[in-house]
Amino acid sequence: MFEKISLEMADFIQRSPSCYHAVSNLAEQFQAAGFTRLHESRPWELKPGNGYFFTRNGSALIAFRIPEGTPAGFMIAAAHSDTPAFKIKSVPELAGEHYVQLNVEQYGGAICSAWLDRPLSAAGRVAVREGDRMVSRLVDLDRDLLLIPNLAIHMNRKINEGVALNPQVDMLPLFGQEGARDRFLPLVAEAAGVAPDQILAADLFLYLRESSRIWGAEREFLSSPRLDDLQCAWACAKGLLNCEVSHSIPVCAVFDNEEVGSATKQGADSNLLQDALLRISAGIGRTADAHQIALASSMMASVDNGHAIHPNHPEKADKINHPHLNGGVVIKHSANQKYTTDSISSGLFQMICQRAEVPVQVFANRSDVAGGSTLGNLSNKHVSLNTVDIGLAQLAMHSPYETGGIKDTWYLLRALTAFYHTVISCDESDAYMIE
Ligand code: CO
């Protein structure tokens, strides 16, 4: 059961080498389950009992279901589609005397050393001219095509003492030799099924060719590219597809650009979620006042992976507030509210998990470590509601090959399925009822 769910999730990651592929695959999944595709550029007609979704920029997605009868609050689970990687520049080829390299820049905070000496490919999307129209096409070169070679230890004797990697010098992938000149764009065009001169622009990223693996003495570990945060994005979507109908409006939000601060039109620090919730309320005939009342009985789970205690470096974790692999869903705390969790949202989420018989564990940074942040607090600037920051424990976050626990995907899926189904109401004494 644990292995089956993890393999299903890993298959989704495998088919999603870029955020555009991830959102396209999620959209396909919702469509196959009978959800209707909406467009921000068109009016929305919402009917009780039906599911809907729309995408923004091809890299963010919001899906929801309208309940029968009088709807209660929104139960929102949000993750992100993007991953730290290297983006290929507009003029891609750097041709030298013996080699052709690709010119790339860093996207987000990748662990650069882990990208070296491994077969890579490129994927993303291209903007294509079709007469007077411009359309977007997914591209996956889907072959062992590129590699960023390390410097030999003989040329850098201090390589094992920590090495500074300059993105403009050390991170350029090798593409070929003389014969590779002017070959990259035609390869992209071929993969997109268009002529090279039709391509106006591209958003292409490097990705690791390594496949997802289950391993360990009892097959307890799962290693894969892009676990952060496609593992959670998959669970957010699948949880909505699995959840039983209640009076709540379950909303799955997958944002882009979390790794670069979320402040884009398709990021969590935008009006995307706010716009969607307002249109849902308008579509079911809620007044502005009724919308605000619904928000007071709503909840959001900001779902992004967290750090498991490291086997070689337990001193990097808080002494007791640290999660481990296969220990269940992680609730993340931060006194400075880099994570939105407080006693109310943690309490509500724990009650939901207890009912679903899902174990939870806690994370807090060591008090002398700044740590990371995620999308929950940025989203709350636009839509303010009780929010809990959760995720799954993993090792080597932001490596192109990350490691998690085999049971945890199942725990998260089970927790989110129950979360979406839950109806929360807040009374005059500020007590919460959970149905
Ligand atoms: Co993340």
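Values in this text are rule-based calculations from the coordinates and carry no lab data. Note that the structure is a prediction, hence the values are computed from the model and not measured. Note that we place each Cβ from the backbone using ideal geometry, even for glycine, and neighbour counts take in every protein chain shown.
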In what sequence do Val169, Val329, Val194, Val163 fall when counting other Cβ within 10 Å, fewest first? Val169, Val163, Val194, Val329
Quote the Stokes-Einstein diffusion coefficient, in whole µm² s⁻¹, for the range 85-207, based on the Kirkwood radius over alpha carbon pairs, a temperature of 20 °C and a viscosity of 1.002 mPa s. 139
For the residue pair Ala263 and Arg143, what label-to-label distance in nm results when each label sits 7 Å from Cα along the Cα-to-beta-carbon direction? 4.2
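For the range 293-389, what does the alpha-carbon gyration tensor say about shape, rounded, prolate or oblate, given a ≥ b ≥ c as the root eigenvalues, a/c under 1.5 as rounded, and a/b over b/c as prolate? Intermediate values should be presented prior to the final figure.
Details: a/c = 2.56, a/b = 1.45, b/c = 1.76.
Oblate.
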If I take every Cα pair under 8 Å that is 6 or more residues apart in the chain, average their sequence separation and divide by the length, what percent do I get for the relative contact order? 22
Cross-link list Lys87/Lys319; Lys316/Lys338; Lys87/Lys407: which exceed 30 angstrom alpha carbon to alpha carbon? Lys87/Lys319; Lys87/Lys407
Got a sec to turn the phi values of the range 385-390 into Karplus ³J(HN,Hα) couplings, 6.51 cos²θ - 1.76 cosθ + 1.60 with θ = phi - 60°, whole Hz, x for Gly and Pro? 7, 3, 9, 10, 8, 10
Determine, at each q value in 0.12, 0.16, 0.21, 0.28 (inverse angstroms), the log₁₀ of I(q)/I(0) that the Debye formula gives when each Cα of the range 226-282 is one equal point scatterer. -0.35, -0.61, -0.93, -1.12
Counting other Cβ atoms within 10 Å, which GluC sites (Glu not before Pro) in the range 218-325 have at most 16 and lie in a DSSP loop? Glu218, Glu220, Glu244
Beta bridges by DSSP in the chain, antiparallel share as percent, to the nearest 5: 70
For the range 244-250, in order, what is each residue's ³J(HN,Hα) by Karplus, 6.51 cos²θ - 1.76 cosθ + 1.60 with θ = phi - 60°, in whole Hz (x at glycine and Pro)? 6, 6, 10, 7, 6, 9, x
Cα shape, the chain, gyration tensor, a/c 1.5 rule: oblate
What is the distance, in nm, between label points placed 7 Å from the Cα along the Cα-to-Cβ direction at Val369 and at His39? 4.8
For the range 410-422, what does the Karplus curve 6.51 cos²θ - 1.76 cosθ + 1.60, with θ = phi - 60°, yield as ³J(HN,Hα) per residue in whole Hz, taken in order and with x for Gly and Pro? 5, 4, 5, 4, 5, 5, 6, 4, 5, 4, 4, 7, 5
